[in-house]
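Novice: Got a structure for you, written out below as structure tokens; questions coming shortly.
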Amino acid sequence: MPARPNLKDHGLESLREQLAAQGMRPFRAEQIAGWLYRRGVEDPAAMTDLGAEDRAKLAEHWETRALEVARADRAQDGTQKAALRARDGALVESVLIPEEERTTLCVSTQVGCPLACSFCATGAMGFTRNLRAAEIVDQFCRMRELLPEGREITNVVFMGMGEPLLNLDAVVEAVKLLIHPKAFGLAPRRVTVSTVGIVPRIAELLARVPVNLAVSLHATTDPVRDRLVPLNRRFPLARLLDALRGIPQLSARRPVFFEYTLIDGVNDSLEDARRLPRLLAGIPSKLNLIPMNAHPDSPYRPPPEERIDAFLRELAQRGMTVTLRRSRGPDIQAACGQLALRSASAAA
Ligand code: SAH
């Protein structure tokens, strides 16, 4: 069957043009977005405020779904992870993280990842392809159907499988749908895109969409970062941090969220803790410490509790805003860096 284009690949502006080209009134785009994104209705026949002719055109020319749930798991802490299957059979994972006040969705942007960070399970899978915008926003649509009545997704983090800035156009289009008032309608500050540091694309991302930026730091020296994040050889620490100092959208109100995975004996020394504030000086920032989540593809382990506490104390004494991220859903391999579709064949 020849693939039809998918309505969810288009932000509102682009959708208006597409519809006009097919002889529909451009303002239908907002009605259609209301059905697809606000109400979760994907069958054109059910879009009752469109005329019969427009409904028929949509059904004939357009796809409205991009992903199906292949498998869903729920952890003891309420975290849910799903493997979602695209039309070509590719599988990606999304994670829903319920907290008291909010429900965060963690989305993937690529099938696998080409960057091969040595402590990340996704990195060990290798890279298959980029996701399309429709495949990114459909993670929202499919995952919201797993929530109990009355709960809604309040935050989206681009922290699943893949490197968002290597798939920038699709990520930007997906973000536009997430924050458009006639589409998903999230406040821009509730959307966070995480990057390992594709330096030339960071400024471009923030110039195109008003999201929060997270940067995976993980080390305070180039030799250690080279080992953990091979891309560091191309964009070393000084270059990454200098680029961040020059980005006008960043401010105390919109800081960079640095992620730092603490790994036993690798990047968890008190010298590392002392270097961090100096390294990040001049960048409005918050620091998130994530104890390494162990997985079978990596020799690395989390540090013992006392060392994590000492690291935190050292940073707090130096006046850094720092939080320790508890790992969520480890019993279903849903925690940071554990997304690798170990169950892909069981799910197929
Ligand atoms: N490629 C982007 C988006 C993925 S975000 C990025 O790297 O920023 C996923 C986060 O989890 C990254 O900060 C990543 O470094 C971190 N991570 C990867 N493996 C991990 C592990 N085993 N334990 C804890 N965090 C891990």
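The values are calculated or read from the model by the stated rules, or taken from the named source; none is laboratory data. In this text, all values refer to a predicted model and were calculated from it rather than measured experimentally. Neighbour counts run over all protein chains shown; Cβ positions are idealised from the backbone, glycine included. Note: accessible area is taken over every heavy atom of the protein model, side chains too, but ligands, DNA and RNA are not part of it. Shrake-Rupley method; radii C 1.70, N 1.55, O 1.52, S 1.80 Å.
Novice: Can you name the residue in region 254-269 that is open to solvent by less than 40 Å² (accessible area, probe 1.4 Å) and part of a loop (DSSP other than H, G, I, E, B) and, of all such residues, is farthest from the ligand (Cβ to nearest atom)? Can you show your working first?
Specialist: Step one: list which residues in region 254-269 are open to solvent by less than 40 Å² (accessible area, probe 1.4 Å), which gives 255-256, 258-263, 266-269.
When the remaining residues are screened for being part of a loop (DSSP other than H, G, I, E, B), the result is 255, 263, 266-269.
Details: PRO255: 16, ILE263: 8, VAL266: 12, ASN267: 12, ASP268: 13, SER269: 18 Å.
Among those residues, the one meeting the criterion is SER269.
Novice: Additional query: Looking at ASP49 and the list (1) over 22 Å from ASP169 (Cβ atoms); (2) not in a loop (DSSP other than H, G, I, E, B), which single condition is not satisfied?
Specialist: Unmet for ASP49, out of (1) over 22 Å from ASP169 (Cβ atoms); (2) not in a loop (DSSP other than H, G, I, E, B): (2).
Novice: Looking only at region 54-63, decide whether some residue is open to solvent by 70 Å² or more (accessible area, probe 1.4 Å) and aromatic (Phe, Trp, Tyr).
Specialist: No, because not a single residue in region 54-63 is open to solvent by 70 Å² or more (accessible area, probe 1.4 Å) and aromatic (Phe, Trp, Tyr).
Novice: Still on this model: Name the residues in region 294-321 that are among the acidic types (Asp, Glu) and either open to solvent by less than 60 Å² (accessible area, probe 1.4 Å) or without any contact (Cβ under 8 Å) to a residue 40 or more places away in the chain (or both), would you?
Specialist: Going through region 294-321, the residues among the acidic types (Asp, Glu) turn out to be 297, 305-306, 309, 314.
GLU305, GLU306, ASP309, GLU314, listed by residue number.
Novice: Starting from residues that are within 25 Å of LEU206 (Cα to Cα) and among the charged types (D, E, K, R), keep the ones in region 270-293 and report whichever is most open to solvent (accessible area, probe 1.4 Å).
Specialist: ARG278
Novice: Moving to a separate point now. Mind listing whichever residues of region 138-162 are within 11 Å of the chain's Cα centre (by Cα) and of a type in the set (Val, Ile, Thr)?
Specialist: Scanning region 138-162 gives VAL156, VAL157.
Novice: Could I ask something else about it? For residues that are at pLDDT 90 or above and among the basic types (Lys, Arg), scanning just region 303-343, find the one that is nearest to the ligand (Cβ to nearest atom).
Specialist: This residue is ARG307.
Novice: Among (1) over 30 Å from ASP226 (Cα atoms); (2) within 16 Å of the ligand (Cβ to nearest atom), there is one condition SER94 misses while meeting the rest; what is its number?
Specialist: (1)
Novice: Within region 111-136, how many residues turn out to be outside any helix (DSSP H, G or I) and near the ligand (Cβ under 7 Å from one of its atoms)?
Specialist: Taking region 111-136 and keeping what is outside any helix (DSSP H, G or I), we get 111-120, 126-132.
Next, only the ones that are near the ligand (Cβ under 7 Å from one of its atoms) stay: 113, 115, 117, 119-120.
Looking only at that region, the number is 5.
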